[in-house]
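This report concerns only the one structure given below.
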Amino acid sequence: MGWVSTDNEHEGWAACVAPDGRLSSSYSGEGMLVEGVTGRYERDKVMSDHEVVPDVEMIGWRGACTCGWQGELWKRVMSPADADFSHRRDYVSLDGFADASQEVEDAIHEEWKTHIAPSEAILGLEAAAREHAQAGQRLDKTVAAAKAAGASWADIGRAVGISRQSAHERWAEKQ
Ligand SMILES: [Zn+2]
């Protein structure tokens, strides 16, 4: 697990993909842990609803998110000569861990950021709207104070940058 969105609604990671399409959720000493029991692989000793898929069998990687989003597949190739980043093909050693290379993990991280971009943008919008509402309330109070101190609607309009008529229409009712 790796990346968390600002609103904590999304947690993303670069998952290893098993031959049957299941995604790794974590790692045990013997291989990648995938959720579910199919009988094709040994069950994990600690998490009995997970199976252990040997690293060498993993067919690739893809982005995953706790909301259910999945990125496009990055295919694992069996020789370094077949690796081709622009076609989403990469090689990692067959006798080591099946984790994605740093390059692929970075690319998947970017894909995940694109996935959460709309909700991150909405957060920014909510903050701006909150500040806007607060500034509006401050303006209303300051206008009321100016009027109470004897300022005319023309004075107030000039200070705010609107006409006397507009100032009157906007604030006279609130007095
Ligand atoms: Zn998500």
If you go through Asp90, Asp106, Asp84, the only one that is at pLDDT 95 or above, away from the ligand (no atom under 16 Å from the Cβ), of a type in the set (D, E, K, R) and touching a helix residue (DSSP H, G or I) at 6+ places or on another chain (Cβ under 6 Å) is Asp90
Given (1) assigned to a helix (DSSP H, G or I); (2) touching a helix residue (DSSP H, G or I) at 6+ places or on another chain (Cβ under 7 Å); (3) closer than 30 Å to Ala18 by Cβ, Phe97 misses just (1)
Report, by residue number, each residue of segment 20-56 that is within 16 Å of the ligand (Cβ to nearest atom) and either more than 19 Å from Gly96 (Cα to Cα) or surrounded by fewer than 17 Cβ atoms within 10 Å (Cβ to Cβ) (or both).
Ser25
I'd like to check something: does segment 57-64 contain any residue that is of a type outside the set (A, V, I, L, M, F, W, C) and away from the ligand (no atom under 16 Å from the Cβ)?
yes
Which residue is farthest from the ligand (Cβ to nearest atom), if the candidates are limited to segment 65-78 and must be assigned to a loop (DSSP other than H, G, I, E, B) and at negative phi?
Met78
Within segment 1-19, the residues that are assigned to a loop (DSSP other than H, G, I, E, B), at pLDDT 95 or above and surrounded by fewer than 16 Cβ atoms within 10 Å (Cβ to Cβ) are Pro19
Check whether at least one residue in segment 127-135 is touching a Phe, Trp or Tyr at 6+ places or on another chain (Cβ under 6 Å) and not β-branched (Val, Ile, Thr), and report yes or no.
no
Filter segment 113-151 down to residues that are within 16 Å of the ligand (Cβ to nearest atom) and either farther than 30 Å from Val17 by Cβ or in contact with a His (Cβ under 8 Å, 6 or more places away or on another chain) (or both), then give me how many there are.
5
Among the candidates Ala117, Ala81, Ala107, which residue alone is exposed (fewer than 11 other Cβ atoms within 10 Å of the Cβ), of a type in the set (A, V, I, L, M, F, W, C) and assigned to a helix (DSSP H, G or I)?
Ala81
Every residue from segment 21-42 that is charged (D, E, K, R) and at pLDDT below 90:
Glu30
Any residue in segment 64-71 that is within 19 Å of Leu23 (Cβ to Cβ), without any contact (Cβ under 8 Å) to a residue 40 or more places away in the chain, exposed (fewer than 10 other Cβ atoms within 10 Å of the Cβ) and assigned by TED's automatic domain parsing to the domain that holds Arg22?
yes
Test set (1) farther than 30 Å from Glu120 by Cα; (2) surrounded by 13 or more Cβ atoms within 10 Å (Cβ to Cβ) - Arg88 fails condition number
(1)
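Residue-wise test of (1) surrounded by 11 or more Cβ atoms within 10 Å (Cβ to Cβ); (2) of a type in the set (Gly, Ala, Ser); (3) at pLDDT below 95.
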site: Leu125; (1), (2), (3): no, no, yes
site: His132; (1), (2), (3): no, no, no
site: Ala151; (1), (2), (3): yes, yes, no
site: Ile156; (1), (2), (3): yes, no, no
site: Gln175; (1), (2), (3): no, no, yes
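The values are calculated or read from the model by the stated rules, or taken from the named source; none is laboratory data. Computed from a prediction, not measured in an experiment: that's the story for all the values here. Here Cβ is always computed from backbone atoms with ideal geometry, including for glycine, and neighbour counts include all displayed protein chains.
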